[in-house]
Amino acid sequence: MRIRVLLADDQPLLRRGFAMILGAQADIEVVGEAADGAEAVRLTGLLRPDVVLMDVRMPGMDGIEATRTITSVSPATRVIILTTFDVDEYAFDGLRAGASGFLLKNARPDELLAGIRSVATGDAVLAPSTTRRVLDAFAGDFVSRPASGAAGPDVLGVLTARELDVFTELAAGSTNKEIAQRLYLSETTVKTHVTRILAKLGLRDRTQAVIFAYERGIKRPQS
C-alpha cells in the first residue's frame, strides 16, 4: 500500500520541493497541500492521509495547534513536525501536541523518506541525530522533575515486570538495539514488548512514551 502524505507549509516552493522528492517514490503519494494550519486540518478530514508533514510557523492557525487538532480527531494520521532550527523549541511543543517526531527542513532526502516510512508504520522519527537529542532532552528533564501527585509510576501497574524494565529504557529514548543490549534480550523480543507496552498505555509511538514519562515525572533508570 502507498503511504498517503499531506504537505502543510506556507511556502509554495518548499511544498513543491517536498512534492517532487516524495512523488518520485513508488510507495509514497502526495494527496494534498495546505498553506496554513486550518487548511491542513480541513484537508486531513477530507483526505485522511497517513502522514502530515507539518510546518510550525504558518499564518492563522499554526502547526502546533493544527497538530493537536489532527491527532485528536484523526488518531490514525501521523504528524511529522518540520522545523528550520536544530532542536527548535517548537519541536518540543509539537511532540507534546501529538506529533510522532520532527525533521529539519534541510534534512537529506533519504532522512525525509525514512522518517515518513517510519511514522507510517507506527514508529517515531528517531534516525536523525537532532531528533534523538530532543528525546535525550525530554529524558534529561524528567530525571530531575518531581512526580506530580497521583499521576506517578502507579499508572504503570498494567505492565509486567519485564515490560516495566523495557518501558523505563524506552522512556529514556533508547533504541531497540540499545534496550536489547542492556537487558540481555533479542531485538525481536524487545520489539514485541514495545508493541505491547504502547497498546497497554494507549500510546501511539516511542516519542509519546517519552512524553508520557516526562509529564508524569517517571524517572529513567540510572546508569
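The values are calculated or read from the model by the stated rules, or taken from the named source; none is laboratory data. Remember, predicted model here, so these are calculated numbers, not experimental data. Here the Cβ positions follow ideal geometry from the backbone for every residue, glycine too, while neighbour counts run over all protein chains shown.
Filter segment 42-74 for residues that are more than 26 Å from ALA114 (Cβ to Cβ) and either in a strand (DSSP E or B) or of a type in the set (Val, Ile, Thr) (or both) and give the result.
Within segment 42-74, THR69, VAL73 meet the criteria.
Restricting attention to segment 142-157, and to residues there that are surrounded by 12 or more Cβ atoms within 10 Å (Cβ to Cβ) and in a helix (DSSP H, G or I), which single residue is modelled with the highest pLDDT? I'd like the intermediate steps shown before the answer.
Quick first cut of segment 142-157, residues surrounded by 12 or more Cβ atoms within 10 Å (Cβ to Cβ) only: 142-143, 145, 147, 151-153, 155-156.
Next cut, in a helix (DSSP H, G or I) only: 142-143, 153, 155-156.
Details: PHE142: 44, VAL143: 43, PRO153: 50, VAL155: 75, LEU156: 80.
Per the stated criteria, the residue is LEU156.
Please determine whether any residue of segment 10-29 is touching a Pro at 6+ places or on another chain (Cβ under 7 Å) and crowded, with 23+ Cβ neighbours inside 10 Å. Write out each step before concluding.
Residues of segment 10-29 that are touching a Pro at 6+ places or on another chain (Cβ under 7 Å), as a first pass: 10, 21.
With the extra rule that they be crowded, with 23+ Cβ neighbours inside 10 Å, the set shrinks to none.
Among the residues of segment 10-29, not one is touching a Pro at 6+ places or on another chain (Cβ under 7 Å) and crowded, with 23+ Cβ neighbours inside 10 Å, which makes the answer no.
Of (1) in a loop (DSSP other than H, G, I, E, B); (2) closer than 21 Å to PHE102 by Cα; (3) among the aliphatic types (A, V, I, L, M); (4) at pLDDT 80 or above, LEU185 satisfies all except one. Which?
With (1) in a loop (DSSP other than H, G, I, E, B); (2) closer than 21 Å to PHE102 by Cα; (3) among the aliphatic types (A, V, I, L, M); (4) at pLDDT 80 or above applied to LEU185, the lone miss is (2).
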